[in-house]
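The next block holds one structure in the form of structure tokens; read it before the comments.
Each reported figure results from applying straightforward, stated rules to the coordinates on display, with no laboratory input. Note that the structure is a prediction, hence the values are computed from the model and not measured. Neighbour counts run over all protein chains shown; Cβ positions are idealised from the backbone, glycine included.
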Amino acid sequence: MKSLVSLLQMILQDMEDRCHVSTTRDLKTIMGRLENEGSSFLMITLANYGKDFQKSLDRGYVDHDLFTGFQFRGGLPEFLGGFLDLCFQRDTGRIHSNPDVDAIFCIRQLTLMFAKVRIETSEKRNRDAISKYMECESDVRTNDRMAIRMGPGPHLERGGLAILGQSFHRIRTMLFGSIFAGMDFRVNTNNLLPKHGPGSTSDHLSGNQKWRLNCWTDRLEAIFPSGIYASANFRDYLEREFVYQDPGAETPVRVITVPKDAKGPRIIAIEPTAMQYMQQALLHGLLEEINNDSVVSSLIGFDDQTPNQRMAQIGSRDGTLATLDLSEASDRVSNQHVRALLSRNSLLAEAVDACRSRKADVPGHGVIRLAKFASMGSALTFPLEAIIFLIVVMIGIESALNRPITMKDIKSLRGKVRIYGDDIIIPVEYTSTVVSSLETFGFKVNSGKSFWTGKFRESCGKDYYDGVDITTIRLRSLLPTQQWNKEESEIVISAYSFRNQAYKAGLWKTVRYMDGLIADLKWPTPSVHESSPGLGFISYVDDVLYGTKIKWDENLQIPVILALTVKEKRRRNSIDGYPALLKWFSKRDDLPFIDEDHLLYSGRPRSVDIKLRWVSPH
């Protein structure tokens, strides 16, 4: 706690220098609030202040319904008042015609820096997160009952929804008809390539042992025969002696909490091995089909966030594009949404349903039947939610046009509409109808992270005001208090990372503080290039010494430095015979395996350790 306060003091001084304002009273307020509220002031209260500040930028004025818990003087809060005065008028609370972008960055940096610190949360917060998960599941069931049968044809329960159902299927066919037809063909011809991921599974198989899989489900067998997809050859199929689970006996997903930030944990679901295996097959085929479609691939993304970030910057500069964010996006995609999406492609619909887990084991609630399509953890959640969001966005645009949208209209929206997960970018003029469309389909627009009226925009981890990048640097772990050890390896990595981010942001007092903190702990402090495998201090000065310990490597014929390096403790997890052959058959290219010991070691490492090694500074 003491080190976090010292760090915040350095940040305050850097912000003082940047904007030439006094922060003496702000520091006094911080110290008083910390004494009463503890670390929650840094990680929760300040973060709420930062979010309210962003809302004010979007609205164009400061309202007294924001900045709860902070005293006002005139039309603005007193806390960080020197910076606020550079952005808003003190008497009216209205934004200046040309607010100081440096002040905007400073306020966000001061208030949001600790918002993403990963810490273990209390049992109460974990229970609250699970309760919220169950409430969301209840909302999905309610929406299913109200909404709505979006099957083919205009036979929904209400007249207006009938029109929505028709629009959904027409736009879905226009955008994804050929893509889904291609997937039907792949399923019909068994032209899909499954794979295992590195993560955990609900049946506790890990790493290479997943290739010994011999538990399959009746639903999978009907569309993905285990003799074809889970066996290296027919003899392997016979020797594995597969156990087939009927729908009532299928292994449920395991819902768990993982550390996220001080507000609460993240909820994820761990899938059974067989389900995860075939989800990856469908994912790979679907992404290939989408990437082969020039129109759809320009509107939706899965592995590159930069188009969304560029569009957010454009929107912040000229006000033409809005950035929308959805709350609990994955958990609000109903299975009925997916059934409607795939209702005219029976083979693909059966394939997706076959590798969807129908039940979840939720802590404190037992095994429940899921109304949502899937939680985070299914390989199909991300692509299917993005596809559905794109269709619903187009329905909203069609509503604004007041006529059926055409393919010519859709092509004209390239560079103006883009979906990356639940990060949505659309033209500002369609915002109200798109938001209405999303909410009609049961999704929840996060008003605190959606922007369209001012000059602030955020998307995919980048923030802009009037075209200027004002992305904050974040502390991801608590600051270190001792020399490195395997229990604190994440903290060590985070400390070097934060120091280097501060260096690139020009926060020189913060840099010196972190340099001193690391030096006091007797950690190595070499200067390194960003691509170096060693942990050290990046520098834009070319002639600095690489570090206190440097030597010439006779084998590599380069200078090397002594630096801390991240070393993963690999998990011994070996296979041979038919499971190893199946792994080879499942390769998706003709290149050799990068890891020559992949049959001996696999899965996520047992732990991450920090070791001193001689490495290249570049």
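Details
- Considering only the chain, percent of DSSP beta bridges that pair antiparallel, nearest 5: 80 percent
- Ranked ILE270, ILE419, criterion: other C-beta atoms within 10 Å, fewest first: ILE270, ILE419
- Counting other Cβ atoms within 10 Å as a rough exposure proxy, the listed residues HIS64, HIS284, HIS529 run HIS64, HIS529, HIS284 from fewest neighbours to most.
- If you plug the beta carbon distance of GLN305 and ILE44 into 1/(1 + (r/R0)^6) with R0 = 30 Å, you get a FRET efficiency near 0.65.
- Alpha-carbon centroids, segment 223-283 and segment 450-479: separation in whole Å: 37 Å
- Net charge of Cβ neighbours under 11 Å - reference SER334; Lys, Arg +1; Asp, Glu -1: 0
- Rounded to the nearest 20 debye, dipole of the chain from Cβ charges on Lys, Arg, Asp, Glu: 460 debye
- Across segment 582-594, rounded Karplus estimates of 3J(HN,Hα) from the backbone phi angles (6.51 cos²θ - 1.76 cosθ + 1.60, θ = phi - 60°) give 4, 4, 5, 5, 8, 4, 9, 8, 8, 6, x, 4, 4 Hz, Gly and Pro being marked x.
- Kirkwood radius and radius of gyration were both taken over the C-alpha atoms of the chain, and their ratio Rg/Rh is 0.99.
- Amide H contacts of GLN245 (H built 1.01 Å from N, in plane; Pro and chain starts excluded): TRP216, THR217, ASP218 sit under 5 Å, all sequence-distant by 5 or more or on other chains.
- Here's the picture: charge each Lys and Arg Cβ at +1 and each Asp and Glu Cβ at -1 in the chain, and of VAL428, LEU112, SER586 the one pushed furthest to the positive end of that dipole is LEU112.
- In the chain, the DSSP-assigned H stretches of four residues or longer account for a calculated mean residue ellipticity at 222 nm of -13500 deg cm²/dmol, using -39500 (n - 2.57) per stretch and the full residue count as denominator.
- Estimated dipole of segment 2-115 in Debye, rounded to 20 [Cβ of Lys and Arg +1, of Asp and Glu -1, Cα centre]: 140 debye
- Segment 299-431 - share of DSSP beta bridges that are antiparallel (%, nearest 5): 75 percent
- Radius 12 Å from Cβ of ARG18, net charge of other residues (Lys, Arg +1; Asp, Glu -1): -4
- Computed from backbone phi, the HN-Hα couplings of segment 317-327 come to 7, 10, x, 7, 10, 9, 10, 10, 10, 9, 8 Hz, rounded to whole numbers (Karplus: 6.51 cos²θ - 1.76 cosθ + 1.60, θ = phi - 60°; Gly and Pro given as x).
- Net charge contributed by nearby residues that have their C-beta within less than 14 Å of ARG499 (K/R +1, D/E -1): +1
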